[in-house]
1. Taking the stretch A:309-319, which residues are touching a helix residue (DSSP H, G or I) at 6+ places or on another chain (Cβ under 9 Å) and either without any contact (Cβ under 8 Å) to a residue 40 or more places away in the chain or open to solvent by less than 70 Å² (accessible area, probe 1.4 Å) (or both)?
2. Hey, can you tell me all the residues within the stretch B:182-199 that are free of Cβ contacts under 8 Å to residues at least 60 places away in the same chain and open to solvent by 50 Å² or more (accessible area, probe 1.4 Å)?
3. In this structure, does A:Phe131 turn out to be part of a helix (DSSP H, G or I), aromatic (Phe, Trp, Tyr) and touching a residue at least 24 places away in the same chain (Cβ under 8 Å)?
4. Hey, can you tell me all the residues within the stretch B:73-96 that are closer than 19 Å to A:Glu208 by Cβ and in a helix (DSSP H, G or I)?
5. Among (1) assigned to a loop (DSSP other than H, G, I, E, B); (2) in contact with a strand residue (DSSP E or B) (Cβ under 7 Å, 6 or more places away or on another chain), there is one condition A:Thr167 misses while meeting the rest; what is its number?
6. Condition first: assigned to a loop (DSSP other than H, G, I, E, B), of a type in the set (D, E, K, R) and free of Cβ contacts under 8 Å to residues at least 60 places away in the same chain. Can you find one or more residues in the stretch B:157-178 that meet it?
7. Only one of B:Gly52, B:Gly99, B:Gly70 is buried (at least 20 other Cβ atoms within 10 Å of the Cβ) and part of a loop (DSSP other than H, G, I, E, B); which?
8. Do you know which residues across the stretch B:143-156 are more than 18 Å from B:Phe197 (Cβ to Cβ) and either open to solvent by 10 Å² or more (accessible area, probe 1.4 Å) or outside any helix (DSSP H, G or I) (or both)?
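The values are calculated or read from the model by the stated rules, or taken from the named source; none is laboratory data. Fair warning: this is a prediction, and the values are worked out from it, not measured in the lab. Glycine gets a Cβ as well: all are built from the backbone with ideal geometry, and neighbour counts include every protein chain shown. Quick note on the areas: whole protein, heavy atoms, side chains included, nothing else; ligands and nucleic acids left out. Shrake-Rupley method; radii C 1.70, N 1.55, O 1.52, S 1.80 Å.
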Amino acid sequence: MTEDRRALLQAVLALLAAGFAAWWLPQVLELFAIINATVYVAMALLALSLALVWGFGGILCFGQAAFFGLGGYAYAVAALNLPDTTYAIPIALGVPMLAAAALGYVMFYGKVSDVYMGVITLTVTLILFNFINSTAGDEWRIGAAPLGGFNGIPATPPLNVPGDPGTALAPEQIFVIAVACLGGCYAVCKLVLRSHFGRVVVAIRENELRAALLGYDVRFHKLAIFAIGGLMAGLAGMLFANCVFVSPTMFSLAYSGQVIIWVMVGGVGTLLGPIIGAMLLQALTAWAGTLPEVNPSLILGLVLVVAVLAIPRGLQPTLAALFRRRTP
Amino acid sequence: MTALLATEGLTMRFGGVVAVDDVNLSVAERELRCLIGPNGAGKSTFFRCLTGQYRPTAGRILWRGRDITGLEPHAIARLGIGIKTQVPSLFDGLTALEGVTLAVRRKHGEREAKRRAMAALERLGIGELAEAQVGLLAHGQRQLVELATVVAPEPDLIILDEPTAGMSAEETAGTATLIREMNRDHAVIVVEHDMQFIRAIASGITVFHQGRILVEDCAERVLADPRVHDVYLGRPPEARMAVPA
């Protein structure tokens, strides 16, 4: 089977799996579990966005949470100001994508080196975190939406049935949308990476100079993949805003750090691994949070250390290698 | 007649160090030109200026009479200039065929690009390495894969920086033959150290010394020039003059 066909098959399988999960899980899970599952799916989408940017674009972004938070806040502000929350979707996707494009333009066209890129992305996240934390006063509002400082925007309206603002979607329906978004984004990533554009992006990760000497504009390709990653992180933020609520923690260092750990544990350079890594580690930290004598962050750190030592390539590549070895 | 590639007063300074000093060079269509010189002569800096990796401090670079000074490497490559770096610069995680296909894919569809890439690999005698991961190849093989990457898009000018570095004698001889063959259809600039290789491809030679052009002539005369011997042996011209015949 050719690589192209394999990618197409994997994309179709991902969509089928997403369809099955979207149909089956709402039937067997209770409301609280459905909301929790939606959060997991949103986090998996956030991990997928970094998996694309870092694993394939070679851009280690320490601030993926910035686009996640921007997506959430953009949705909340737009949803509170617009009569139909459906119209908030393009704003929730557009704002983080444009922010990623602007930041990427400065970094890639300014020829900032990899180390400084990490510092800049981290700093931007922290600036946003501190800024949004300081918006507690009543003067900090955009139209009808108060930014709320460290309290965030608790009264974020959920998505409604398109064209029918009076009918808000139920948590089960939002879960279905979240799963469809994750499956769809995975399939799109697969197909993009098999396209000529995707191959150039991977080639740039392998050797920037060679790609440039072949006539490919390295800056443009990096900018494009970074903006796509920003859009996906924004989508994750919008889904998160629909099942929890937006608050400055979305921009926090904890989220930025966690998403890097999810991708590392799942496997840098893979798409499915980070999705699985995000879900497993979310479940693990949630469980650890129920233990009074254990700090969940400590558990997460321990998992990272063990994973780096035991499975340095990450879950997906290690499992795939094991499977290949056992298959005659 | 307008030169294919020319430099006018090209200068590159790093602080107080002048690595390339007022270099005027002209390469015609289908010319084969070798740039030689001892270590530190400024060849590699000149190469990096030509390929857009360095922005010259002063002077101009002209491509068919058009000023291309300061263009980015990708824009220079798009003019039709194929570039091979001193240390093989390849896509280590890809197979040889995938890497060479990318070199052609910008101008052609997937199937045609693959066909041309395979033809380039076979032309270099490494068709059997098509599916090999580049990162796992030996140094000489990597040099050949990079040469295939450079020639596959059929550029108008090919610039090769030390194309035989690390190659076996057999591979070097093969590369010399290949360069002469490439020169039938393309202009070629070769930056080299290896004098035997230079003799083998016998062409116009420009000798660099301390960032400037010392001599520029046909291979026979340049290789017989005592000044060239002196700079390679490290003797200043005045010392040579002082030695009685």
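1. A:Ala310, A:Ile311, A:Pro312, A:Gly314, A:Leu315, A:Gln316, A:Pro317, A:Thr318, A:Leu319
2. Filtering the stretch B:182-199 for residues free of Cβ contacts under 8 Å to residues at least 60 places away in the same chain gives B:182, B:194, B:196-197, B:199.
Answer for the stretch B:182-199, where residues must be free of Cβ contacts under 8 Å to residues at least 60 places away in the same chain and open to solvent by 50 Å² or more (accessible area, probe 1.4 Å): B:Asp194, B:Gln196, B:Arg199.
3. Numbers: part of a helix (DSSP H, G or I): yes; aromatic (Phe, Trp, Tyr): yes; touching a residue at least 24 places away in the same chain (Cβ under 8 Å): no.
Criteria not met by A:Phe131.
4. If the condition is that a residue be closer than 19 Å to A:Glu208 by Cβ and in a helix (DSSP H, G or I), then B:Pro73, B:His74, B:Ala75, B:Ile76, B:Ala77, B:Arg78 are the ones that fit.
5. Tallying (1) assigned to a loop (DSSP other than H, G, I, E, B); (2) in contact with a strand residue (DSSP E or B) (Cβ under 7 Å, 6 or more places away or on another chain), A:Thr167 fails exactly one: (1).
6. Taking the stretch B:157-178 and keeping what is assigned to a loop (DSSP other than H, G, I, E, B), we get B:162-168.
Checking which are of a type in the set (D, E, K, R) leaves us with B:162.
Those still in the list that are free of Cβ contacts under 8 Å to residues at least 60 places away in the same chain too: none.
There is no residue in the stretch B:157-178 that is assigned to a loop (DSSP other than H, G, I, E, B), of a type in the set (D, E, K, R) and free of Cβ contacts under 8 Å to residues at least 60 places away in the same chain.
7. Result of the check over B:Gly52, B:Gly99, B:Gly70: B:Gly52.
8. Listed by number, the residues that qualify are B:Ala152, B:Pro153, B:Glu154, B:Pro155, B:Asp156.
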